[in-house]
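The values are calculated or read from the model by the stated rules, or taken from the named source; none is laboratory data. Here the structure is a predicted model, which is why all the values come from computation and not from measurement. No Cβ is skipped: glycine too gets one built from the backbone with ideal geometry, and neighbour counts run over all protein chains shown.
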Amino acid sequence: MCKLYYLFILVSISFITDASPTSNPNTGVFWQITDIHYDFNYSRFGNPGKLCHQSKTTNSTRSVGLFGNYKCDSPWTLVTTAIDGMKAINAKPDFILWTGDSMSHVSDNQSSLLKVYLTIRNVSNLIHSAFPNVSVFPVLGNHDPYPSNNMPIGSNYYEKIISMSGWKQFLGKSEQEQFMKGGFYVSTVVTGIRVIGLNTNLLYSKNPLVQGHKDPSNQFAWLIKQLEDAKSKGLKVYIISHIPPGAFERTSLKIKWFYPEYNQPYLDILRRYSDVILAQFYGHGHTDSFRILYNKTGYPINALYLSPAVTPWKSSLPGTGSNNPALRLYYYNRNTGQVLDYVQYFLNLTKANLEKKPVWEVEYHATKAYSIPDISAQSLNKVTKTFHRSSPTFELYFKYNSVSHGVQETCDTNCYYIQYCAIVNLDFNDFDRCIFWRGTMPHPAHHRSTIHHHHHKTKSPPDYAFYVIGGLALVVLILALIVGCLCLGRHNQNAGYKYGKFVGPVN
């Protein structure tokens, strides 16, 4: 069966020609793969209602999918075809970013740390065997410790990831030594460009092990030191991590990823060193999105690229749904490090299971889809200016958000504003104000990062706000009448004197 499976791994020749936006020799490419979530208990004859696991009560002869199921995490066949697809599309990237979460969402797969280490090792070895001469920069996901989300401060867990999970083959000696202190490290991508792999799981709002710690594992202090060092040497930096700052864009629950006491310091560091940081790469949400970081005057200074997942798993969060498996190939300038474009690939899971052929297709080119010259923060900011609930650009973005799975055919008003506000407001308070004011011209206290979006369709604030606003307006009106009467009285008394002394036009 395995031999037959490998014969069926197909990648269209059109991908190779279609995925080359430029032939400039200074242009390089690199992959990002994220949220694999390998489930070794997946069964083709399992129950989709029970994450495709087979049990004594399961009595099915019908396959739930050779390459996976939208209600379940990734079987090994999906993991292998994803890596094989990367190799078939571009076998010689400059490097690979692997942004976390190899483990499945199922707790019984993480019944021991040993299972965690061995599962991650399986994925590590698979990537290394497919790309033996390519630099791989991995980071941990929130499902990669045991139990899930419990990313430790000071533990031999990080040492075991190096020694037992196969990350020794990816990280050099100095990177390994630093990684063992807290799961973060710095390395060189190409000449003049460094990659800083962070462990933002230490900032995650579902991590109970970091509560009460001002700077878990001293990661903030370490990050500032690395950015200062890069700045002093004229180097540029890519930041990679699993969990991004800000809020999740695809649920009505308005979920915010970090603890509030960590989100703002993190953003402050990003703003302070925006001239050093070229771009940021994250996973975690499973959806295809981006974020824009603005300075205090509202100017876009940095882009955060949120790549969609390999796993098609349907989240339990309301409105989130599932997605088609995804891979992303970036184009960048080797001399400056500027990220120029990316091509998003996807596997039509329904079609792959039906035809038993995993064909990785081009879903879209970022610059072509959004009609922009590059994918800088400034260009992405121009994209958001075209957004409103029924705009063609937003509808296209929303289609890509689920990797063309179409789990939610339309995005209602609340859905739209959560999507939009999450993109342009990484600060929690700004995000809440943006939702409250529905993207209209903001309240005076609103952060300036959203002022440039005042063209959006207006929507009334909640009902109780009318009483507050109405009451304030009445008070202002009464005060205006009183002041007006007083001024009128003085005007009548001093009219002659006033105009006698005044020379020039009256505005």
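Quick notes
- The lone exception for SER112 - which of (1) over 19 Å from PHE281 (Cα atoms); (2) crowded, with 17+ Cβ neighbours inside 10 Å it fails: (2)
- Test: residue in the stretch 14-21 that is at pLDDT below 95, touching a His at 6+ places or on another chain (Cβ under 7 Å) and within 27 Å of THR320 (Cβ to Cβ): no
Quick grid of which residues meet (1) at pLDDT 95 or above; (2) more than 17 Å from the chain's Cα centre (by Cα); (3) within 21 Å of ALA377 (Cα to Cα); (4) buried (at least 18 other Cβ atoms within 10 Å of the Cβ):
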{"position": "PRO245", "(1), (2), (3), (4)": "yes, no, yes, yes"}
{"position": "LYS254", "(1), (2), (3), (4)": "no, no, no, no"}
{"position": "PRO260", "(1), (2), (3), (4)": "yes, yes, no, no"}
{"position": "TYR266", "(1), (2), (3), (4)": "yes, no, yes, yes"}
{"position": "ARG271", "(1), (2), (3), (4)": "yes, yes, yes, no"}
{"position": "ALA279", "(1), (2), (3), (4)": "yes, no, yes, yes"}
{"position": "GLY285", "(1), (2), (3), (4)": "yes, no, yes, yes"}
{"position": "ARG291", "(1), (2), (3), (4)": "yes, no, yes, yes"}
{"position": "PRO308", "(1), (2), (3), (4)": "yes, no, yes, yes"}
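- Selection of first residues in the stretch 127-156 that are closer than 18 Å to VAL195 by Cβ and of second residues that are part of a loop (DSSP other than H, G, I, E, B) and acidic (Asp, Glu), restricted to Cβ pairs under 9 Å at least 6 apart or on distinct chains, gives the following pairs, ordered by first then second residue: VAL134/ASP94; SER135/ASP94; LEU140/ASP101; GLY141/ASP35; GLY141/ASP101.
- Candidates ASN142, ASN133, filtered to the one that is surrounded by 16 or more Cβ atoms within 10 Å (Cβ to Cβ) and part of a loop (DSSP other than H, G, I, E, B): ASN142
- LEU198 modelled with pLDDT of 95 or more, in contact with a Pro (Cβ under 6 Å, 6 or more places away or on another chain), surrounded by 22 or more Cβ atoms within 10 Å (Cβ to Cβ) and closer than 15 Å to GLY141 by Cα: no
- Subset of the stretch 316-325 [at pLDDT 95 or above and under 17 Å from HIS105 (Cβ atoms)]: ASN323, PRO325
- Screening the candidates LYS296, LYS236, LYS231 for the property of being of a type in the set (D, E, K, R), in contact with a Leu (Cβ under 9 Å, 6 or more places away or on another chain) and touching a residue at least 40 places away in the same chain (Cβ under 8 Å) yields one hit, LYS236.
- Annotation: of all residues in the stretch 81-109 being farther than 28 Å from ARG194 by Cα and surrounded by 20 or more Cβ atoms within 10 Å (Cβ to Cβ), the one that is modelled with the highest pLDDT is THR81.
- Residues that are touching a helix residue (DSSP H, G or I) at 6+ places or on another chain (Cβ under 8 Å) and surrounded by fewer than 20 Cβ atoms within 10 Å (Cβ to Cβ), drawn from the stretch 380-393: LYS385, THR386, HIS388, THR393
- Check on GLY154, at pLDDT 95 or above and of a type in the set (Gly, Ala, Ser): no
- Some residue of the stretch 364-372 being part of a strand (DSSP E or B) and modelled with pLDDT of 95 or more: yes
- Just one residue in the set ALA221, ALA230 is of a type in the set (Gly, Ala, Ser), in contact with a Phe, Trp or Tyr (Cβ under 9 Å, 6 or more places away or on another chain) and surrounded by fewer than 23 Cβ atoms within 10 Å (Cβ to Cβ); that residue is ALA230.
- Looking only at residues in the stretch 389-426 that are in contact with a Pro (Cβ under 9 Å, 6 or more places away or on another chain) and in a loop (DSSP other than H, G, I, E, B), the one that is farthest from TYR266 (Cα to Cα) is HIS405.
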